[in-house]
Amino acid sequence: MSDWTAFNSFLDRVGNVMFRGAAAPNPALFSLLLCNPVAPLTRQSSAYDVIASEVAQTTGYVPQPYLADVGTYDSVQKRFELPSEMLTFSAAGGTIQFVQAVLWQGRSGAANKPIAAVDLVNSQLQVAAHGGTDGDRVIVTSSDTVPGGIAAQIYYLKSVSANLIELYQDQALLTKVNLTNAGAGDHTLRFANGYPVWVATYDLITISDGNTETIAVEINVLNSGNANGV
């Protein structure tokens, strides 16, 4: 079992939220992601780094909700003591390989989606039933080369229709990304709302087709203020 290390993005918020109130955290806002990065994720890693390295949502992998319950409130420390959780991932139709598990706070239920086509005339991406809303933080990854005009950074989504999106540099959706070529390979739209909280590192773990892997998440303290956007 690996030690869990906090990300700087979370530690930056701790001073503001760790001792706030008795409101319970929202269990729907925490999930555990499996990642297989080229270089190990560290506490300095960005949200982009985490989401770009997340295992593809194929062969049965889906992020798992972290909180089965909200734990207990410590009236002396004025914070919630969250329970340890055992989360199980299943492989179906292939294997799942990962070296790190990341606890993520704040991502919506929208799944990562394959990009079906790149419209260079209108600088739009065709993503069937993308499920996104205006202002969602997203990234684009590829099995080969991302479309021209897209960099290794977080963008903001504008929903043109149920199956079409545009990418913007800013959350106000004022500066549109101009797509210059279709790139090569299979492209994926990945949702990146929220930020990483903790990461654990393992030797390479392979979940064979039809098998499962259970991961222990042992985090003693996380206050509700952060989870609820206080």
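Structural remarks
- A simple rule links phi to the HN-Hα coupling: the Karplus curve 6.51 cos²θ - 1.76 cosθ + 1.60 with θ = phi - 60°, which for the range 163-174 gives 10, 10, 9, 10, 10, 10, 6, 10, 5, 6, 6, 9 Hz, with x for Gly and Pro.
- Along its principal axes, the range 85-199 has C-alpha extents of 47, 31, 25 angstrom, given from the largest down.
- The alpha carbons of the range 112-165 stretch over 26, 21, 19 Å along the principal axes, in descending order.
- On the basis of the beta-carbon distance and an R0 of 22 Å, Q97 and T5 show a calculated FRET efficiency of 0.55.
- Amide hydrogen proximity for A192: with H placed 1.01 Å from N in the peptide plane, the residues at 5 or more positions away or on another chain lying under 5 Å are R137, V138, I139.
- Extension gain (nm, one decimal) between S90 and A151, 0.36 nm per residue minus Cα-Cα: 18.7 nm
- Karplus-derived 3J(HN,Hα), 6.51/-1.76/1.60, for each residue of the range 129-138, Hz, glycine and proline x: 6, 5, x, x, 10, 3, x, 4, 7, 9
- In terms of accessible area, using a 1.4 Å probe and ignoring ligands and nucleic acids, W198, W104 rank largest first as W198, W104.
- On the basis of the beta-carbon distance and an R0 of 25 Å, I205 and S143 show a calculated FRET efficiency of 0.70.
- Estimated inter-spin distance, A39 and T180, nm [label 7 Å along Cα→Cβ]: 2.5 nm
- Inter-label distance for D134 and S75, nm, one decimal - labels placed 7 Å from Cα along Cα-to-Cβ: 4.7 nm
The values are calculated or read from the model by the stated rules, or taken from the named source; none is laboratory data. All values derive from a computational prediction rather than experimental measurement. Using ideal geometry, Cβ is built from the backbone for each residue, glycine included, and neighbour counts are taken over all protein chains shown. Heavy atoms of the whole protein, side chains included, go into the accessibility calculation; ligands, DNA and RNA do not. Shrake-Rupley method; radii C 1.70, N 1.55, O 1.52, S 1.80 Å.
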